[in-house]
1. Looking only at region 36-51, how many residues end up being open to solvent by 30 Å² or more (accessible area, probe 1.4 Å) and either assigned to a loop (DSSP other than H, G, I, E, B) or among the charged types (D, E, K, R) (or both)?
2. Which pairs have Cβ atoms under 8 Å, sit 6 or more apart or on different chains, and link a residue in region 24-45 that is closer than 13 Å to Phe63 by Cβ to one that is of a type in the set (Phe, Trp, Tyr) and open to solvent by 70 Å² or more (accessible area, probe 1.4 Å)?
3. Which one of these is more than 9 Å from the ligand (Cβ to nearest atom), modelled with pLDDT under 95 and in contact with a strand residue (DSSP E or B) (Cβ under 7 Å, 6 or more places away or on another chain): Asp162, Asp157, Asp134?
4. Any residue that is part of a loop (DSSP other than H, G, I, E, B), open to solvent by 60 Å² or more (accessible area, probe 1.4 Å) and over 16 Å from Leu79 (Cβ atoms) - is there at least one of those in region 113-136?
5. Give the residues of region 137-149 that are more than 11 Å from the ligand (Cβ to nearest atom), open to solvent by less than 60 Å² (accessible area, probe 1.4 Å) and touching a residue at least 24 places away in the same chain (Cβ under 8 Å), sorted by residue number.
6. Cβ-Cβ below 8 Å, separation at least six or inter-chain, first residue in region 64-84 and part of a loop (DSSP other than H, G, I, E, B), second open to solvent by 80 Å² or more (accessible area, probe 1.4 Å) and within 10 Å of the ligand (Cβ to nearest atom): which pairs?
7. With respect to Arg92, determine if the residue is away from the ligand (no atom under 16 Å from the Cβ), open to solvent by 90 Å² or more (accessible area, probe 1.4 Å), assigned to a helix (DSSP H, G or I) and modelled with pLDDT of 95 or more.
8. Please enumerate the residues belonging to region 14-35 that are exposed (fewer than 14 other Cβ atoms within 10 Å of the Cβ) and within 20 Å of the chain's Cα centre (by Cα).
Amino acid sequence: MLSKQEKQQIEAKVHHYPNKRALSLEALKIVQEHRGWVTDEGIADVAEALQLRPAELEGVATFYNMIFRKPVGKHVILLCDSVSCWIMGYERLREHLTTRLGVGLGETSVDQQFTLLPNVCLGACDHAPVMMIDNAHYQDLDAGKIDEILAMYRQQDIERADGNTTDQ
Ligand code: FES
């Protein structure tokens, strides 16, 4: 069943879409935001709320690569592997990221911090090479910049965890 918050957020979006089918991607994103990834149960919950068949939701979830049907790390890194980024050093950066994170493409680091996924053009080809982490774009990348960005995320997570501990 959808949580109260999930339900409220989905209902708040209803008037932005012509029908419930059009709303389905947004609804799946909301569920993913709350649960980290979209389980079969999540599909069934959204289907029930929108009065659609689970298979329709499954189709939407499979089509959009930003809907995760498997557990992912706390942060998802999308590394662009399209032509401009490829020319500007994609392979070097992929090597660097896989070494730094200790994972291959499609995998999640042991500390569950990062999932590394390949992605088609992220729309910033004039600033290749490019990656996205969660909703943020990072461009004109090199190995040093990647290290700084990963360190920043790790630091932010530590601070957040410390904040939560202090709050309790
Ligand atoms: S090719 Fe990488 S952002 Fe377009």
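1. Step one: list which residues in region 36-51 are open to solvent by 30 Å² or more (accessible area, probe 1.4 Å), which gives 36-37, 39-41, 44, 48-49, 51.
Then keep just the ones that are either assigned to a loop (DSSP other than H, G, I, E, B) or among the charged types (D, E, K, R) (or both); that gives 36-37, 39-41, 48, 51.
Residues meeting the conditions: 7.
2. Matching pairs, first to second residue: Leu25/Tyr64; Leu28/Tyr64.
3. Working: Asp162 fails: in contact with a strand residue (DSSP E or B) (Cβ under 7 Å, 6 or more places away or on another chain); Asp157 fails: in contact with a strand residue (DSSP E or B) (Cβ under 7 Å, 6 or more places away or on another chain).
None of the other options fit; the residue is Asp134.
4. no
5. Hits for region 137-149 are Ala143, Ile146, Asp147.
6. Filtered contacts from region 64-84: Asp81/Val120; Ser82/Val120.
7. no
8. Listed by number, the residues that qualify are Glu33, His34.
The values are calculated or read from the model by the stated rules, or taken from the named source; none is laboratory data. Quantities reported herein were computed from a predicted structural model and do not represent experimental measurements. Quick reminder, even Gly has a Cβ in these numbers, built from the backbone with ideal geometry, and neighbours come from all protein chains shown. With ligands, DNA and RNA removed, areas are computed over all heavy atoms of the protein, side chains included. Shrake-Rupley method; radii C 1.70, N 1.55, O 1.52, S 1.80 Å.
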